[in-house]
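The values are calculated or read from the model by the stated rules, or taken from the named source; none is laboratory data. The structure displayed is predicted, hence computed values, not measured ones. Cβ sites come from the backbone with ideal geometry, for glycine too, and all protein chains shown count toward neighbours. Just the protein is used for accessible areas: all its heavy atoms, side chains included, with ligands, DNA and RNA removed. Shrake-Rupley method; radii C 1.70, N 1.55, O 1.52, S 1.80 Å.
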Amino acid sequence: MSKLNATDVQGFVLRGYNMPHARFCFLHFQNAAAGRHLVAQLLGSITTGQLWDNGKPQSTLNIAFTFKGLTALELPLATLISFPDEFQQGMKDRASILGDIGKNSPEHWDALWRGADIHAWVAIHALTPETLEAQFAQLNAIISATGNIHLLGSQDAAALVIDGKLSTKEHFGYTDGFGNPDYLGVCRNTQPGQGKLLPDGTWAPLATGELLLGYADEAGELPVAPVPHILAANGTFMVYRKLHENVGTFRAFLDEWGARYGAGDAAAKEKLASKFIGRWQDGTPIELSPDAPDPSIVADPNRNTDFKFGNDLSGSRCPVGAHVRRVHPRDAFGFNGKLVDRRRITRRGMPYGPQVDPTTPQDPATLDSTDRGVVFMALNASLSRQFEFVQQQWISYGNDAHLGNEKDLLLGTHLPGEKFSIQGDTNPANPPLFCANLPNFVELRGGDYFFLPSITALAMIAMELVDPR
Ligand code: HEM
């Protein structure tokens, strides 16, 4: 592997910032000169992957572009047409491939995503709301001084606070943010369960080229990337999806089916919730602890992602269609996990919208209609081979898992007549359960594909130096 120069990679790519506040700003360039000028102004402030020797900064800044944005920046035609097709098309035009139909289809998206073309995503993450506002004011000042840049809108996201402490929970009540792959050269201690499975049962980091352009991937090839090479190297592609969560619908469904599961009591409901995702709501993987949550596993990074499904092909511990098993089947499809190594994505999502108290009953319709959910952001070298494959084949279809056309319970766009199967448990009190009349728990409210260039590439764009020859 060529050596990874972390200072040339945007920090957002190499690490989860774990900052509780964020604002994602969406910009439109009136002309190329204005766009280039803005990039030049921001360049020195972009957070890189350099190690934080002096502790976490107060805030971070990152930037990425849609294909329309790169076109508006007037990159040479030969460069533009060298970007992968799915990126050129953008998320809206990939709706049928992604299963973004019905209420998820682009005509139902927020006005921001249906209006003027979004050219750039500028992300501010901050430790406090005050720092976030101060950084946003600075960005606005730069935008105004540059002129001919429109801030079309922004999306705030914030960590949920549980018992006065920052958490990594999302609004349905699950603890999120455990599983993310390790990559060669990306400074992090390799965690069991986070990279690729080796024949001896241990885990190793994935090839860097599964995350970053310009490095060998798991096939030993350079990922498909735009020209010139120096524009692509150390960059990656980002999926941005605003996923609305119908919390009222989720709670009502869990009440209804929890009453039919096992003893039909609160414990059965909790267990059922764990079967949907493959983790108890506190984060314990049910593959490791199928009968009860185990906080000691959650707290231990060497254990909380260290599980496999090869010894549970029947799904008696973790259902075959549970969310974590679908999106990262590990060794469930045989070949010692080799089939999944090229389908991994790196997630950087955060919740948005007002937090709901899980203990206070509330009107389901009001819960559903409130603007809240997950800002899902995922990074990968190949949008089509990685994110789109997971979304299309594993979330919106069940064939690889021998589940016919069953979808992910929480994420699939469910059509009348669909069911969700939970295999019989090791505990005889929990026979198989087939949930029917599936509502749609999550709805897409907008999104697109973005290119997150390296620092070198940003400088080339700012100085109009991109030359495909
Ligand atoms: C509102 C939408 C979503 C919710 C509430 C949600 C929830 C969760 C939860 C609770 C976990 C377990 C915690 C963890 O392993 O980090 C998880 C894991 C994961 N999710 Fe999602 N998710 C959502 C959307 C998606 C989408 C759209 C994808 C991919 C297209 C996805 C891919 C993954 C992956 C790859 C993992 C890690 C699995 C592992 O390595 O074990 N999720 N998700």
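Things to note:
- Residue check for ALA266: more than 23 Å from HIS402 (Cα to Cα) and open to solvent by less than 50 Å² (accessible area, probe 1.4 Å): no
- Hey, ARG23 basic (Lys, Arg), at pLDDT 95 or above and part of a strand (DSSP E or B) or not: yes
- ASP357 meets all of the listed conditions (1) without any contact (Cβ under 8 Å) to a residue 24 or more places away in the chain; (2) charged (D, E, K, R); (3) surrounded by 17 or more Cβ atoms within 10 Å (Cβ to Cβ) but one, namely (3).
- Among the residues of region 310-324, the one identified as within 11 Å of the ligand (Cβ to nearest atom), open to solvent by 20 Å² or more (accessible area, probe 1.4 Å) and touching a Leu at 6+ places or on another chain (Cβ under 9 Å) is HIS323.
- In region 362-469, counting only strands (runs of 3 or more DSSP E) that sit wholly within it, the ones holding 1 or more residues that are open to solvent by 20 Å² or more (accessible area, probe 1.4 Å) span 373-380, 433-435, 442-452.
- Residues in region 383-400 that are within 14 Å of the ligand (Cβ to nearest atom), among the small types (Gly, Ala, Ser) and over 16 Å from VAL442 (Cβ atoms): SER384 only.
- Region 153-167: number of residues that are open to solvent by 40 Å² or more (accessible area, probe 1.4 Å) and either in contact (Cβ under 8 Å) with a residue 12 or more places away in the chain or at positive phi (or both): 6
- Hits in region 325-348 - residues which are within 8 Å of the ligand (Cβ to nearest atom), of a type outside the set (Lys, Arg) and assigned to a loop (DSSP other than H, G, I, E, B): HIS328, ILE345
- Just one of the listed residues (HIS119, HIS150, HIS108, HIS171) is under 29 Å from LEU213 (Cα atoms) and either loosely packed, with under 15 Cβ neighbours inside 10 Å or at pLDDT 95 or above (or both), and it is HIS119.
- Entry remark, region 219-258: residues being in a helix (DSSP H, G or I), of a type outside the set (Ser, Thr, Tyr) and either within 16 Å of the ligand (Cβ to nearest atom) or open to solvent by less than 20 Å² (accessible area, probe 1.4 Å) (or both) number 10 in total.
- Breaking point among (1) more than 16 Å from the ligand (Cβ to nearest atom); (2) closer than 25 Å to ILE461 by Cα; (3) of a type in the set (A, V, I, L, M, F, W, C), for LEU184: (2)
- Subset of region 269-303 (residues that are open to solvent by 10 Å² or more (accessible area, probe 1.4 Å) and in contact (Cβ under 8 Å) with a residue 40 or more places away in the chain): LYS271, ILE277, ARG279, GLN281, ASP282, PRO290, ASP291, VAL298, PRO301, ASN302, ARG303
- Filter result for the condition that a residue is within 22 Å of SER167 (Cα to Cα) and crowded, with 20+ Cβ neighbours inside 10 Å, over PHE12, PHE29: PHE12
- Pairs where the first residue, in region 23-43, is among the polar types (S, T, N, Q) and the second is open to solvent by 30 Å² or more (accessible area, probe 1.4 Å) and part of a helix (DSSP H, G or I), C-beta under 9 Å, 6+ apart: GLN41/ILE142; GLN41/ALA145
- Checking TYR261 against (1) away from the ligand (no atom under 16 Å from the Cβ); (2) in contact with a Phe, Trp or Tyr (Cβ under 8 Å, 6 or more places away or on another chain); (3) open to solvent by less than 10 Å² (accessible area, probe 1.4 Å), the condition it does not meet: (2)
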